[in-house]
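Enquirer: Before I ask anything, here is the structure I am working with.
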Amino acid sequence: MPYAARTISSRERLGDLVKVLREAVRGSRQDFTEGSLGRALVLLSVPMAIEMSMESAFAVADVFFVARLGPEPVAAVGLTEAMLTVLFAVAVGLGVSTTVMVARRIGEKDPSGAAVAAVQAIALAILLSFAIMVAGILLAPRLLGLMGATPGIIRAGSGYTTVMLGANITIMLITLLNAILRGAGDAAAAMRTMWLANLANLILDPCLIFGWGPFPVLGVTGAAVATSIGRSLGIFYQLIRLFGTQGRLRLTRESVRLDLGVMSRLIRVALGGMFQMLIATASWIGLMRIMATFGSAALAGYTIATRIIVISLMPGWGLSNAVATLVGQNLGAGKPQRAEHSVWLGAWCNLALMCGIGALFVALATPLIRLFSNDAQVVSAGAVCLRTISYGCLPFAFGVVFLSAFNGAGDTFTPTLVSLVCSWLVQIPLAYLLANWARGGPNGVAWAICATQFLTAPVSLLIFRRGKWKLRDI
């Protein structure tokens with residue numbers, strides 16, 4: 001009888017979990033400042049993890065199809081994506097501050113204040129994107145050359161780079177609008193945005209690259225056009241959600257106005273977030289520059305490996321974003337202890353998740369790279385890189401959650417400082433030394449990435465335990 005009772009209890013718990021997962025995908029109206037933290041974390045993290053995975057799927061899909069064109073087009077995509085990390089840094093940095101401010105206002109039960117903050121962020125994103133658009137259209141080939149591209153890579157990929165930088169407003173807006181939705185706790189809508197955008201990209205990619213059906217043969221440039229169209233469709237859905245009546249946050253005519261006080265606070269937090277992301281992501285540009293010295297095959301293998309790594313890390317990023325939302329809303333509700341408990345719960349869940357992903361990539365590195373390329377040199381370089389970087393998944397799991405907790409509290413300075421020390425003062429010099437002085441070649445860069453994660457995690461933990469982030473006001 002006790003055994004039967006335990007069996008029924010286990011089935012009930014499984015049934016409850018399935019219900020929560022369904023609610024997470026459909027969308028929830030739960031107040032995340034009340035009730036079970038575990039339930040709140042699942043409701044937020046599941047759609048956020050899927051959303052983040054789908055964002056990185058853009059680059060993976062492009063590489064998958066472009067790889068059929070040869071190593072040089074793949075290398076051009078890799079170098080362009082490295083440049084776009086600067087744009088993503090600006091978008092994500094602004095998104096961090098927007099998520100924080102929206103989450104605080106939602107926690108304070110001030111939805112109109114959250115809407116005004118969202119509008120100020122959108123205005124800033126549009127202004128920034130125009131400046132980047134002009135520079136990208138005029139300077140695409142020169143920028144590729146500065147990244148170390150050979151003449152062959154520039155010929156193959158300058159069109160791709162021009163379109164991606166010229167249409168950067170789609171990257172900026174889809175990232176920012178999803179940050180607004182996440183801050184409001186409407187993670188399911190952000191997830192559906194990426195479903196729609198990626199579905200369009202997957203359909204259009206082969207059509208525009210290879211000229212299927214009535215479409216022209218655009219080669220690698222077609223991948224950029226497909227991605228931009230897909231993101232545009234996602235933005236259209238986001239605007240319908242935010243200006244409609246079904247979401248957790250509604251933008252109205254009254255909220256569409258400039259508020260210099262709110263904008264100044266937003267910019268103050270955003271500058272820290274942007275600088276933080278610029279430091280972290282621009283270091284990847286430095287790594288790509290070092291890798292470019294080892295030839296197109298090594299660069300292509302590294303590009304494929306990092307795209308696989310990035311998409312695998314997205315669930316961890318999604319879970320850390322869920323933690324940031326919980327921290328922001330609970331601090332806004334005056335519940336700092338609940339905010340801290342959400343961080344620890346998220347960290348341990350992320351550790352379990354990332355350990356499994358890391359082990360999978362170590363075991364299946366070569367077959368995974370072969371999904372993208374049959375070139376023996378590309379497969380060899382990519383498999384070694386993928387396997388090496390995967391060893392850093394364990395410390396990454398902890399470090400990313402603690403850094404997101406600071407951001408969720410509005411303390412963007414601390415993650416910025418950690419990124420500066422770990423990414424630039426340690427990772428870049430170490431990568432150069434291991435790749436050249438120690439004659440590690442391309443794998444030296446991969447080992448530097450892995451080693452940096454083992455430094456970032458304990459540093460973040462020590463600062464987090466001091467608790468000053470709980471006192472941050474925005």
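Enquirer: For ARG29, what charge total do you get from the other residues with a beta carbon under 10 Å from its beta carbon, if Lys and Arg give +1 and Asp and Glu give -1?
Expert: -2
Enquirer: Additional query: Under 8 Å for C-alpha pairs, at least 6 residues apart: give me the relative contact order for the chain, rounded to a whole percent.
Expert: Value for the chain: 22 percent.
Enquirer: Report the calculated FRET efficiency for GLN246 and LEU425 (r = Cβ-Cβ distance, R0 = 41 Å), to the nearest 0.05.
Expert: Computed FRET efficiency for GLN246 and LEU425: 0.30.
Enquirer: Ok, one more. If Lys and Arg each add +1 and Asp and Glu each add -1, what is the summed charge of the other residues whose beta carbon sits under 11 Å from the beta carbon of ILE209?
Expert: Result for the neighbourhood of ILE209: -1.
Enquirer: Moving on to the next point. At LYS468 and LEU239, where each label point lies 7 Å from the Cα along Cα→Cβ, what is the point-to-point distance in nanometres?
Expert: 4.3 nm
Enquirer: Right, next: Relative to the longest principal axis of the C-alpha atoms of the chain, give the angle of the C-alpha long axis of helix 220-243, reported between 0 and 90° and rounded to the nearest 10°.
Expert: Rounded to the nearest ten degrees, it is 10.
Enquirer: Could you compute the FRET efficiency for LEU258 and ARG68, with r as their C-beta to C-beta distance and R0 at 45 Å, rounded to 0.05?
Expert: Computed FRET efficiency for LEU258 and ARG68: 0.40.
Enquirer: Between region 72-99 and region 166-212, what is the separation of their alpha carbon centroids in Å?
Expert: The two parts, judged by their Cα centres, are 14 Å apart.
Enquirer: With labels modelled as points extended 7 Å from the Cα through the Cβ direction, what inter-label distance (nm, one decimal) is found for SER112 paired with ILE267?
Expert: Placing both labels 7 Å along Cα→Cβ, they lie 2.6 nm apart.
Enquirer: Let me ask something else about it. By how many degrees, between 0 and 90 and to the nearest 10, does the Cα long axis of helix 151-166 differ from the longest principal axis of the chain?
Expert: Helix 151-166 and the main axis of the chain meet at about 30 degrees.
Enquirer: Same structure, new question: Restricting to DSSP H runs of at least four residues, report the calculated mean residue ellipticity at 222 nm for the chain, -39500 (n - 2.57) per run over all residues, nearest 500 deg cm²/dmol.
Expert: Here the helix-only value at 222 nm equals -28000 deg cm²/dmol.
Enquirer: Return the whole-Å distance between the Cα centroid of region 337-377 and the Cα centroid of region 301-326.
Expert: What the calculation gives is 8 Å, centre to centre.
Enquirer: Enter the angle in degrees (range 0 to 90, nearest 10) between the Cα long axis of helix 336-363 and the first principal axis of the Cα atoms of the chain, meaning the one along which they spread out most.
Expert: It is inclined by approximately 30 degrees.
Enquirer: First select every other residue whose beta carbon is under 15 angstrom from the beta carbon of SER97; then total the charges, Lys and Arg +1, Asp and Glu -1.
Expert: +3
Enquirer: Distance in nm between label sites at ALA438 and ILE137, each 7 Å beyond Cα in the beta-carbon direction?
Expert: Simple spin-label model gives 4.6 nm for this pair.
Enquirer: Another question, if that's okay. What FRET efficiency comes out for the pair PHE413/TRP344, r = Cβ-Cβ distance, R0 = 30 Å, nearest 0.05?
Expert: 0.85
Enquirer: Which whole-number percent gives the relative contact order of region 137-200, counting Cα pairs below 8 Å spaced six or more residues apart?
Expert: Computed value for region 137-200: 26 percent relative contact order.
Enquirer: Let me ask another. For TRP212 and PHE454, calculate 0.36 nm times their separation in residues minus their Cα-Cα distance, and state this gained length in nm to one decimal.
Expert: 82.5 nm
Each reported figure results from applying straightforward, stated rules to the coordinates on display, with no laboratory input. Predicted model only: the values in this text are computed from it and were never measured. When we count neighbours, we look across all protein chains shown, and the Cβ atoms used for this are built from the backbone with ideal geometry, even at glycine.
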